[in-house]
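Here is the structure we will look at, set down as structure tokens.
The values are calculated or read from the model by the stated rules, or taken from the named source; none is laboratory data. Since the structure is predicted, the reported quantities are computational estimates derived from the model, not experimental observations. Cβ: placed from backbone, ideal geometry, glycine included. Neighbour counts: every protein chain shown.
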Amino acid sequence: MLLFDQLQADLNAARKAQHKARVLVIGTIFSDAKNRKIELRRDLTDDEVIDVLRKGIKRRRESIEMYQGKRDDLADKERDEVAILEAYLPAAVSDDELRTAVRAAIADGATQIGAVMGKVLPQFKGRAEGGTINAIAREELSKQV
């Protein structure tokens, strides 16, 4: 089953169960995915739906940082929403696996952060965050100097 269809099925199930928090979160993401589908004028691939999910998670994490210390109730609500959305993402890649890929890219001649990111990022599209890969790449590049 495609991820887009899974979101729709889960949204319908949450509506039937009258689980308001899940309906709100999944409904928002489903709406974002539907808008993306209209933009592209074709059905979305799972990778494109994952991009929509990641953007939604990123927005919620930014909100958590804004609410930190001031509105803990809203920060907790955002954390719950992140947990719901993360369930749809594929399994994350371990730091060791990322480090191995970064070292391989450096061994192939990539000496600048952009070149390393260009080689490593496509390998882990949708399974690892760019910020994590960037931090590991900078760490490994600093060891090379």
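Please tell me if Leu53 is surrounded by 13 or more Cβ atoms within 10 Å (Cβ to Cβ), assigned to a loop (DSSP other than H, G, I, E, B), within 19 Å of the chain's Cα centre (by Cα) and outside the structural domain of Glu140 (by TED's automatic domain parsing). Judged against the criteria, Leu53 is not a match. In the set (1) of a type in the set (A, V, I, L, M, F, W, C); (2) farther than 26 Å from Gln6 by Cα; (3) free of Cβ contacts under 8 Å to residues at least 24 places away in the same chain, Val102 fails one condition alone, (3). Here Ala33 passes the criteria (1) in contact (Cβ under 8 Å) with a residue 24 or more places away in the chain; (2) more than 24 Å from Arg127 (Cβ to Cβ) except the one numbered (2). From the list Val93, Val120, the one residue that fits, being at pLDDT 90 or above and of a type in the set (Val, Ile, Thr), is Val120. Can you find a residue that is closer than 30 Å to Leu141 by Cβ, modelled with pLDDT under 90 and in a loop (DSSP other than H, G, I, E, B) anywhere in the stretch 66-77? No, the stretch 66-77 contains no residue that is closer than 30 Å to Leu141 by Cβ, modelled with pLDDT under 90 and in a loop (DSSP other than H, G, I, E, B).
The residue list Ala21, Ala9, Ala92 contains one member that is touching a residue at least 24 places away in the same chain (Cβ under 8 Å), part of a helix (DSSP H, G or I) and of a type in the set (Gly, Ala, Ser), which is Ala21.
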